[in-house]
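The block underneath contains the structure these notes are about, expressed in C-alpha cells.
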Amino acid sequence: MSGHSAYQPQSAFMKWLESRLPIAGLVHSSFVAYPTPRNLNYWWTFGGILSFLLVAQIVTGIILVMHYTPHADMAFDSVEHIMRDVNYGWLIRYLHANGASMFFVAVYIHMFRGLYYGSYKAPREVLWILGVILYLLMMATGFLGYTLPWGQMSFWGATVITNFFSAIPGVGEAIVTWLWGGYAVGNPTLQRFFSLHYLLPFVIAGVVVLHVWALHVVGQNNPTGVEPKTPKDTVAFTPYATVKDGFMMVCFCLVFAWFVFYVPNYLGHADNYIPANPAVTPAHIVPEWYYLPFYAILRAIPNKLMGVLALFGSIGILAFLPWLDTSKVRSARYRPLYRQFFWIFVAVCLGLGWLGAKPAEGGYVTAARILTFYYFAHFLIILPVLGFVERTKPLPNSISESILAPSGATK
C-alpha cells in the first residue's frame, strides 16, 4: 500500500500548493516511494508499457480525427488524404494502426503473466475484474476503429460482427437495427462507430485509474506469490522499478518502430485498401489478428446463438477465475502440475488464433471444436480439480528468503 505520503515540499510555492491540493504528495507516494516487491522480473513491466501505449493511441487518434471525415462516401478518401497530403499523416496513421496491435501484444503478455503467477487470487479479485473490463473495452474500441477506414474488410467485418446480435432471442433484431442506424450497414453505422470509437479510449483511461488505484490498495503480486512481510522484501518504486520499466519500454518501442517503418501493413488486411462495396463480398472475411481465437470459437459451434454465447463466455469466464482456481498457492513456480497445464492452455490459445484465420471447413472446424472444448475445460474442470489433487512445492517464508536462499532451494 502507498500509505501516508512522506513528501516534503521544498519551495514556498510547493508548500502552498501541497496544503491545498496535495497532488505532488500523491504522485510521490504512488510512483516514487511506493513499496515494490524486490523480486519483480521483466514480465511486470508491461503495465507501464500499456499505459504508454494508451496515451500514444489517444494522442495519435485526436490528431487523426482532425483530418478524418466520418461519412460513408468520404471516409475512405479522407484516410487516403491523411496518408498522402497531411504532413506526417502517414506516420500518425501507421503509429495508430500498429499501436492497436502493439496494445494487444502487451495486454496478452500482461494477462498470461497474471495467469502464470496467480495475480487474480485474493486479495486482488477486484483488480483482476477491472482488468477484464479493460480488455472488453479494448476489444470494442479496436473493432470500432477497424471499421473507420471503410474499406472492404471494414465494411464486411462490421456487417458480420453486428449480425451476431441478431441471434439474441426477442431483442436481437432491434439491437442490430439500432447498431446499424437503419436496416443495413451504411452511413449512420459509420457515424455511430466513429462516435463510440472516439469516446471509449477516455472510458478506458478512467477504468485504468481505478485499476491502478486498486493495485495500490492491495499491492503488487510477485513471482513467489508471497506477500511482503518485512521492509527487506520491498524497494522503492523509483528508481528500481522505473529504470526497469524504462528499459523494457525502449526495447518494446524498438519493435513497435520496426513495424511502423518497415512493415506497416503486415498486421492489416490487403482488402481494406479497396473501398467498401456492399455488392462484392470478400472471399474470406477475417477480423484483426487479436480477435482470431474468439472468432475460431464462434465458428466452431454450428448453432448461431450458442456460438455467440460461447464467444462472450470465453471472455466473461475470465472474470470468475479467482473463484474457479481452488489452489491456495498463487505462483506456478510452486505448482508443477499447473505449470504444465498453463503451457498447454497457451498452446490452445495460439492454435485457436491460427484456426481463426483459416476457412471454416473440414478439419479446421473439427480442430477448432476440440480446442474450444479444452479452452472451457481449462477453467471449468482442470483448475477447480487441480486445487484438490496437486502437490505443491513448499513456499519460501518471505520474498527476501527466496532471493537470498541458495540457488534452487526454493525453486
**Asked** Which one is surrounded by the most Cβ atoms within 10 Å (Cβ to Cβ) among residues in the range 177-203 that are among the β-branched types (Val, Ile, Thr) and over 26 Å from the mean Cα position of the chain (by Cα)?
**Response** Val185
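Taking into account only those residues within the range 269-288 that are in contact (Cβ under 8 Å) with a residue 24 or more places away in the chain and in a helix (DSSP H, G or I), which is surrounded by the fewest Cβ atoms within 10 Å (Cβ to Cβ)?
This residue is Tyr273.
A quick yes/no check of all residues on (1) farther than 30 Å from Ala276 by Cβ; (2) in contact with a Lys or Arg (Cβ under 8 Å, 6 or more places away or on another chain); (3) touching a residue at least 60 places away in the same chain (Cβ under 8 Å):
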position	(1), (2), (3)
Tyr88	no, no, no
His96	no, no, no
Gly99	no, no, yes
Phe103	no, no, no
Lys121	yes, yes, yes
Arg124	yes, no, yes
Trp128	yes, no, yes
Ile133	yes, no, yes
**Residue check, Thr60 assigned to a helix (DSSP H, G or I), under 29 Å from Tyr198 (Cα atoms) and without any contact (Cβ under 8 Å) to a residue 40 or more places away in the chain** = yes
**Request:** Take the range 358-396 and flag every residue that is over 22 Å from Val346 (Cα atoms) and either among the polar types (S, T, N, Q) or buried (at least 17 other Cβ atoms within 10 Å of the Cβ) (or both).
**Result:** Leu395, Pro396
**Prompt:** Of the residues Arg113, Arg93, which single one is more than 30 Å from Leu148 (Cα to Cα) and assigned by TED's automatic domain parsing to the domain that holds Ser154?
**Reply:** Arg113
**Prompt:** Mind checking which residues of the range 189-211 are among the aliphatic types (A, V, I, L, M) and in contact (Cβ under 8 Å) with a residue 12 or more places away in the chain?
**Reply:** Leu190, Leu196, Leu200, Val203, Ile204, Ala205, Val207, Val208, Leu210
**Asked** What residue, of Asn222, Asn187, is farther than 18 Å from Trp156 by Cβ, in contact with an Asp or Glu (Cβ under 9 Å, 6 or more places away or on another chain) and modelled with pLDDT of 95 or more?
**Response** Asn222
**Among the candidates Ser29, Ser101, Ser119, residue that is surrounded by 18 or more Cβ atoms within 10 Å (Cβ to Cβ) and outside any helix (DSSP H, G or I)** = Ser119
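Residues checked against (1) touching a helix residue (DSSP H, G or I) at 6+ places or on another chain (Cβ under 7 Å); (2) buried (at least 18 other Cβ atoms within 10 Å of the Cβ):
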{"position": "Phe252", "(1), (2)": "yes, yes"}
{"position": "Val263", "(1), (2)": "no, no"}
{"position": "Leu267", "(1), (2)": "yes, no"}
{"position": "Phe294", "(1), (2)": "yes, yes"}
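The values are calculated or read from the model by the stated rules, or taken from the named source; none is laboratory data. Everything numeric here is computed off the predicted structure, so don't read it as measured data. Positions of Cβ are generated from backbone atoms using ideal geometry, with glycine treated the same way; all protein chains shown enter the neighbour counts.
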